[in-house]
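The values are calculated or read from the model by the stated rules, or taken from the named source; none is laboratory data. Remember, it's a predicted structure, so these values are computed and weren't measured experimentally. Here Cβ is always computed from backbone atoms with ideal geometry, including for glycine, and neighbour counts include all displayed protein chains. Keep in mind that these areas ignore ligands, DNA and RNA; they rest on the heavy atoms of the full protein, side chains included. Shrake-Rupley method; radii C 1.70, N 1.55, O 1.52, S 1.80 Å.
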Amino acid sequence: IYLLERIGFAWTSDRDEVDWQMRYDELVQFVEENGHVQVKAWENSDLYQWTQYQRYRYRGYGGSELSEHQFKQLEKIGFRWSPSD
């Protein structure tokens with residue numbers, strides 16, 4: 001199990017959740033490297049767009065709301081729900 005997890009093996013068959021987790025892990029790495037959670041478009045445009053989309057989902061836009069697990073994961077790393085926070 002440990003070796004599978006080290007190579008990023010997905011234990012769920014839900015592709016959306018797998019994709020979400022991969023972006024979340026990328027955001028965690030960004031926070032570790034930069035000391036903040038405010039991704040700028042010029043730093044990483046894909047990750048910036050993903051963070052914007054999470055804010056839309058938090059507000060009930062974008063076709064799907066954040067799950068409680070996703071919300072807690074983002075809160076855990078100090079995610080800012082408004083870019084001006």
Please work out which one of (1) assigned to a loop (DSSP other than H, G, I, E, B); (2) out of contact with any Phe, Trp or Tyr (no Cβ under 7 Å at 6 or more places or on another chain); (3) in contact (Cβ under 8 Å) with a residue 24 or more places away in the chain is the condition Val37 fails and give its number.
-> (2)
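Would you check if Glu68 is open to solvent by 50 Å² or more (accessible area, probe 1.4 Å) and either modelled with pLDDT of 95 or more or in contact with a helix residue (DSSP H, G or I) (Cβ under 9 Å, 6 or more places away or on another chain) (or both)? First the steps, then the outcome.
Numbers: open to solvent by 50 Å² or more (accessible area, probe 1.4 Å): yes; either modelled with pLDDT of 95 or more or in contact with a helix residue (DSSP H, G or I) (Cβ under 9 Å, 6 or more places away or on another chain) (or both): no.
Criteria not met by Glu68.
What is the residue count in the range 56-85 for residues that are aromatic (Phe, Trp, Tyr), part of a loop (DSSP other than H, G, I, E, B) and under 15 Å from Val37 (Cβ atoms)?
Of the range 56-85, the ones aromatic (Phe, Trp, Tyr) are 56, 58, 61, 71, 79, 81.
Okay, now just the ones that are also part of a loop (DSSP other than H, G, I, E, B), so 61, 79, 81.
The next check asks that each one be under 15 Å from Val37 (Cβ atoms); those that pass are 79, 81.
Within the range 56-85, residues that are aromatic (Phe, Trp, Tyr), part of a loop (DSSP other than H, G, I, E, B) and under 15 Å from Val37 (Cβ atoms) number 2.
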Residues being modelled with pLDDT of 95 or more and surrounded by 16 or more Cβ atoms within 10 Å (Cβ to Cβ) - total across the range 1-30 | 4
